[in-house]
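First comes the structure, then the notes that go with it.
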Amino acid sequence: QVQLKESGPGLVRPSGTLSLTCAVSGDSVSRDNWWSWVRQPPGKGLEWIGEVYPDGRTNYKPSLQSRVTMSIDKSKNQFSLDLHSVTAADTALYYCARNHVGLSFDPWGQGTLVTVSS
Amino acid sequence: QSALTQPPSASGSPGQSVTISCTGTSSDVGGYDYVSWYQQHPGKAPKVIIYEITKRPSGVPDRFSGSKSGNTASLTVSGLQAEDEADYYCSSYAGRSKYVFGTGTKVTVL
């Protein structure tokens, strides 16, 4: 059974960097597959942030591209998200997910809430 | 890349059917056969219930079905059950913009 779990600080100061890690079990991040981050502001809809491939290639949502960095750590079987220069608008539940068949996302992590506040 | 448009809410009585629309453009929904649907219960992570417009992952009841016409995709839930009460999101591949989600629809079982 494939499981993903997000971890990282729950509170980030404005203008700082939001850093999250997604630990994967039951699958290998080294496999031929993309891995994504999706966020959901409280009470709002889902927003795809970007994806990372085992060889380090990335694709980001255009409107976030200037602030996002994703990486993958094969030795720890995990991948990471850095979102720079955050504002209150970046407050959200952040999910990691595996890109799966038919360009769907499955499974998802449980999500981690990150609040941007001073 | 704007979010795909879904109705904010939909409802039906147990046993009835409800259909949710997901409207995009020729750059996303209309341009690719990669529309997925996700079910999200309160406090839970989304779960894929439809991919590639019409396909159901293993374990998803056949009460859930998908279709597409032009720039609009649809999800139909037949034989509504209490456990179908949830938020539903569509998603589409969008070429250079990669992926875009819908605005979400809250389904209420009356």
- Query: For the stretch B:3-23, which residues satisfy the criterion of being in a strand (DSSP E or B) and open to solvent by less than 70 Å² (accessible area, probe 1.4 Å)?
  - Reply: B:LEU4, B:ALA10, B:SER11, B:GLY12, B:VAL18, B:ILE20, B:SER21, B:CYS22, B:THR23
- Query: Taking the condition within 14 Å of chain B (Cβ to nearest Cβ), in contact (Cβ under 8 Å) with a residue 12 or more places away in the chain and either out of contact with any strand residue (DSSP E or B) (no Cβ under 7 Å at 6 or more places or on another chain) or on the phi < 0 side of the Ramachandran plot (or both), does A:LYS76 pass?
  - Reply: no
- Scan the stretch A:104-115 and give yes if some residue there is away from chain B (no Cβ under 14 Å) and modelled with pLDDT of 95 or more, otherwise no. yes
- Task: Run down A:SER63, A:SER71, A:SER30, A:SER19 and say which single residue is of a type in the set (Gly, Ala, Ser) and within 11 Å of another protein chain (Cβ to nearest Cβ).
- Result: A:SER63
- Query: What is the number of the single condition among (1) within 11 Å of chain A (Cβ to nearest Cβ); (2) open to solvent by less than 50 Å² (accessible area, probe 1.4 Å); (3) touching a Ser or Thr at 6+ places or on another chain (Cβ under 8 Å) that B:PHE64 does not meet?
  - Reply: (1)
- Hey, does the stretch B:25-32 have a residue that's within 11 Å of another protein chain (Cβ to nearest Cβ), of a type in the set (Asp, Glu) and either crowded, with 17+ Cβ neighbours inside 10 Å or in contact (Cβ under 8 Å) with a residue 24 or more places away in the chain (or both)? no
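Kindly state which strands (runs of 3 or more DSSP E) lie completely within the stretch A:19-118 and contain at least 2 residues that are open to solvent by less than 30 Å² (accessible area, probe 1.4 Å).
Qualifying strands (runs of 3 or more DSSP E): A:35-40, A:47-52, A:68-73, A:78-83, A:92-100, A:104-108, A:112-116.
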- Item | Test result for B:ALA82, of a type in the set (A, V, I, L, M) and either modelled with pLDDT under 95 or touching a His at 6+ places or on another chain (Cβ under 7 Å) (or both) | no
- What are the residues in the stretch B:91-110 that are touching a residue at least 12 places away in the same chain (Cβ under 8 Å), on the phi < 0 side of the Ramachandran plot and out of contact with any helix residue (DSSP H, G or I) (no Cβ under 8 Å at 6 or more places or on another chain), if any? B:SER91, B:SER92, B:ALA94, B:SER97, B:VAL100, B:PHE101, B:GLY102, B:THR103, B:THR105, B:LYS106, B:THR108, B:LEU110
- Pull up the stretch B:67-94, narrow it to residues that are among the small types (Gly, Ala, Ser) and open to solvent by 10 Å² or more (accessible area, probe 1.4 Å), then point me to the one that is nearest to the other protein chains (Cβ to nearest Cβ). B:SER67
- Query: Given the structure, is B:THR105 open to solvent by less than 40 Å² (accessible area, probe 1.4 Å), within 22 Å of B:GLY15 (Cβ to Cβ) and within 11 Å of chain A (Cβ to nearest Cβ)?
  - Reply: yes
- Message: Just to be sure before I move on: is A:THR87 among the hydroxyl-bearing types (Ser, Thr, Tyr), away from chain B (no Cβ under 14 Å) and touching a Ser or Thr at 6+ places or on another chain (Cβ under 7 Å) in the structure I sent?
- Response: no
- Task: Go over the candidates B:VAL29, B:VAL18 one by one and state the one that is out of contact with any Cys (no Cβ under 7 Å at 6 or more places or on another chain) and modelled with pLDDT of 95 or more.
- Result: B:VAL18
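The values are calculated or read from the model by the stated rules, or taken from the named source; none is laboratory data. Since the structure is predicted, the reported quantities are computational estimates derived from the model, not experimental observations. Methodologically, a virtual Cβ is constructed for each residue, glycine included, from the backbone with ideal geometry; neighbour enumeration extends over all protein chains shown. Side chains are part of the model used for accessible areas, which takes the heavy atoms of the whole protein and leaves out ligands, DNA and RNA. Shrake-Rupley method; radii C 1.70, N 1.55, O 1.52, S 1.80 Å.
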